[in-house]
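Heads up: the structure comes next, in structure tokens.
The values are calculated or read from the model by the stated rules, or taken from the named source; none is laboratory data. This structure is a prediction, so every number in the text was calculated from the model and none was measured. Note that we place each Cβ from the backbone using ideal geometry, even for glycine, and neighbour counts take in every protein chain shown.
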Amino acid sequence: MNRRRRVFVTNILIAMDALVVLGSFLFTYFFREQLHRLGMGNLPEFSYYFPYMLWVLVIWLILLKVLNCYSLTEGGGFLSQRMVFLKLLLVEILGLAILSIPLYFFRERDISRSFLVFFGLINLFALTSFKLLTFLFFTSIGINKKYHRKVLIAGNKDMVSQFLATSASMPELLIDPDVNPDFVFGPQLILSGKDWRNLSEGIIGYIVNHVIDEILLVFHSPNLTLAAPLINECRRLGIMVNFTLDTSEISYPKTEMDKIGPFNILSFQSYDYSPAQRFLKRVMDMTGGLVGCVIFAAAYIFLAPLIKLTSPGPALFIQTRKGKNGREFKLYKFRTMYADAEERKKEFLARNEMKGHLFKLKDDPRITPLGKFLRRTSVDELPQFINILKGHMSLVGTRPPTVEEFDAYENQHRRRLSIKPGLTGLWQVSGRNEIFDFEEVVRLDSEYIDKWSIWLDIKIILKTFTVLFKGR
């Protein structure tokens, strides 16, 4: 309807957030400088802090966008304001963590740690105050409707009611609905050609005699061909026409409309991660991958000779696995089985403890004594940080199946590979040793895909360490 207006408003809010972050940084520097009278040391000249101010601006704006801090009025009420505060608190925690990592590694001692703490608190207060003022602003203009567009709504009664309820909870839409009973039809009614002609005449007559900026047609079974005369006549009047498509019978959670040349394309997606979210996830993967590869290199020096001494064969096990949407890649692991393990697998298929398309066998005789230790501590998976750096895998995702397992998948199982596979995931931290049904694995993987966020990845990574310490 007014997507460009909403994008414009969002861009204004982003610009205002940038000013708030910069203002908080400058105020914190001034405030911290005054504290030297209380015994705190002096800060370096502001010119030294200026590059960090720019980095702070970039990091905070990315986090505000990724964590969806621009839907503060969605749902309205105190709950949404509480959620705004929690989102902003998470922004400060993640922002300070991201900023502190390079300061720690490069041993930067001239950036005051107390300055970072003060900035986090001051910026949290400033951003929260600004968001609440924005909330009050949208609420106030929702009352006087000064900037609202008058929208005439026509369609099936249940869909009209549903849209009115939705728009009431989203004052940022800036619309003033106008519902005329003559243009509202029974829930199951499908308009014929004659019905559309009568509706067109009625709406055009109504527009001529009333103030209307747009019309919205909400039908279960819209017919653009029959509605074309009404749409073309509205064009002559200079009135915007909006058409909804009833997707209630389609199970895809995400839809998107795009225009390519003369084609209007409606896309259905099982998930929708924004470019900013994907970028931040990749940054996390690269950071974790680099740290992990350093740990892997150190472990390789000691483990490679031990693996070769305890059983003949290479130190690393390399196997073809299936990645995102069936892409093949070479997965690296420390070898934990005897060299002939793959050939002997058929002997033990009947003893498989997993129900479905995964193979798991407790006390597998193909595993070497050292391999049992490596598996129990998950040290055998350290080489997979190489796969993460190469872009085959992510820190968090779904476990990559073998080619044989993937070929046996049913259609609903393949959804778990609609994203990059991961080193850890929701299944692993939900008690993988207690899960023996592959369908439960698929359910957990699908839940992760549907509910994904950067915060969820962080929680899974933290839970992974807990699982490792407990030896699960």
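Beta carbons closer than 7 Å, at least 6 apart along the sequence or on distinct chains, pair a first residue in the range 148-160 that is farther than 17 Å from A227 by Cβ with a second that is surrounded by fewer than 16 Cβ atoms within 10 Å (Cβ to Cβ) and among the hydrophobic types (A, V, I, L, M, F, W, C) for K150/V211.
Filter the range 174-207 for residues that are touching a Lys or Arg at 6+ places or on another chain (Cβ under 7 Å) and closer than 30 Å to L13 by Cα and give the result.
L174, I175, D176, D178
Being among the hydrophobic types (A, V, I, L, M, F, W, C) and at pLDDT 90 or above is a property that L96 lacks.
Results for (1) over 23 Å from G397 (Cα atoms); (2) of a type in the set (F, W, Y), shown as yes or no for each residue.
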{"site": "P222", "(1), (2)": "yes, no"}
{"site": "R278", "(1), (2)": "no, no"}
{"site": "R282", "(1), (2)": "no, no"}
{"site": "F302", "(1), (2)": "yes, yes"}
{"site": "Y332", "(1), (2)": "no, yes"}
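Please verify whether the range 288-298 includes one or more residues that are in contact with a strand residue (DSSP E or B) (Cβ under 6 Å, 6 or more places away or on another chain) and crowded, with 18+ Cβ neighbours inside 10 Å. Yes, some residue in the range 288-298 is in contact with a strand residue (DSSP E or B) (Cβ under 6 Å, 6 or more places away or on another chain) and crowded, with 18+ Cβ neighbours inside 10 Å. None of K254, K281, K259 is of a type in the set (D, E, K, R), free of Cβ contacts under 8 Å to residues at least 60 places away in the same chain and within 30 Å of D445 (Cβ to Cβ) except K254.
Taking first residues from the range 394-412 that are closer than 16 Å to N325 by Cβ and partners that are of a type in the set (A, V, I, L, M, F, W, C), the Cβ contacts under 6 Å between residues at least 6 apart in sequence or on separate chains come to G397/I419.
M284 falls short on exactly one of the conditions (1) of a type outside the set (G, A, S); (2) closer than 30 Å to W60 by Cβ; (3) surrounded by fewer than 16 Cβ atoms within 10 Å (Cβ to Cβ); (4) modelled with pLDDT of 90 or more, and that condition is (3).
Residue count for the range 256-296, restricted to those that are under 19 Å from the mean Cα position of the chain (by Cα) and within 27 Å of I458 (Cα to Cα): 20. Every residue in the range 225-236 that is among the aliphatic types (A, V, I, L, M) and surrounded by fewer than 11 Cβ atoms within 10 Å (Cβ to Cβ), please. Result: no residue meets the conditions. Taking (1) assigned to a strand (DSSP E or B); (2) over 30 Å from E447 (Cβ atoms) in turn, L266 satisfies each apart from (2).
For every residue, the table says whether it meets (1) free of Cβ contacts under 8 Å to residues at least 40 places away in the same chain; (2) surrounded by 15 or more Cβ atoms within 10 Å (Cβ to Cβ).
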position: I265; (1), (2): yes, no
position: A304; (1), (2): yes, yes
position: G313; (1), (2): yes, yes
position: G323; (1), (2): no, yes
position: L331; (1), (2): no, yes
position: R344; (1), (2): yes, no
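Per the listing I215, I203, I190, I207, the residue uniquely among the β-branched types (V, I, T), in contact with a Phe, Trp or Tyr (Cβ under 7 Å, 6 or more places away or on another chain), in contact (Cβ under 8 Å) with a residue 24 or more places away in the chain and not assigned by TED's automatic domain parsing to the domain that holds W455 is I203.
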